[in-house]
Amino acid sequence: MGEKWRANVAYGPAGTRVEYEGTVYELIQPHTSQIGWEPTMTPALWRVARNQDSGSSHHSSDHHHSDHHHSSDHHSSDHHHSDHHHSEEKPQQQQQQQPQQQQQPQPQQFQQQQNVVAGGIPYQWVEFNGNFPQNVVSQSNSLGKTFVVARAEVQGGKHPGYADIRNKNCYTSYGGKEVEAKKYEVLVCEPSRYQWTQCSNPQNINGNPIQGGNENDNTPLYVCKINRDGVPYFGKTSPKASCAYYGFNGKEHKVENFEVLTFH
């Protein structure tokens, strides 16, 4: 199979081929991908390739991704969820798979969309209702996995972490343990208004940190990105900490090399 479909990638030109859930697709309309715009959901943008050989990979600009493989990473292996495979004999059925509550996008709609928030702050936390909204802050890896910046309530506070778009669970950490949540919020922000900023001291962040949540004593928590063997994860830090924390494999891990999500 060819290169896997990922979110936040500028796909083009027409005819570009990608793999998604075991099926090869050809690009119809160049665009920058987002969560919710998977090939199975967007027949205006992708069609099932007649030739299911992998062929050549796409010519795209990858905005955020690291192309490393990590076979022992249990989150990268889909949290025990298996992918659904489609055959080339049923392209019509694939193209008709649409979420009942999500309107089918058209080619002209696939431009950078803005989420304007009152007060000039370009981001907001949105309760997850089963569908990931447009402009959700996310990152994909070379295995085709995509994680979304999310936060969940834990012990009287709101703690940042990440949601897996396949099993739709949120993963954060607290008290030395990984915490899994099914009720959580996701972060939405204008793509041009945020960036990941290297951080060595959470008490002196270069830029405006996005408020990711708080401890139960109202200590603010910031959203962090951690790279574990080439796979990005989202976690948290605070002005009282000297490191970042994230949940993985049932435990809370801490690292000193991380980035903080800031806005401008």
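Just so you know, all these numbers are worked out from the coordinates, no wet-lab data involved. Only a predicted model underlies this, so the values are computations on that prediction, with no experimental measurement involved. FYI the Cβ positions are ideal-geometry reconstructions off the backbone, even for glycines, and counts take in every protein chain you see.
Would you mind estimating how fast segment 120-263 diffuses translationally, via Stokes-Einstein at 4 °C and 1.567 mPa s with the Kirkwood radius over Cα pairs, in µm²/s?
Details: Rh = 14.8 Å.
In µm²/s, the coefficient is 88.
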Which of Lys4/Lys236; Lys145/Lys182; Lys168/Lys251; Lys158/Lys254; Lys4/Lys177 have a Cα-Cα distance over 25 Å? Lys4/Lys236; Lys4/Lys177
Label model pair Glu127, Glu153: point-to-point distance (7 angstrom along the Cα→beta-carbon line) in nm is 1.0
Hey, can you rank 147-153, 252-258 by average C-beta count inside 10 Å, highest first? 147-153, 252-258
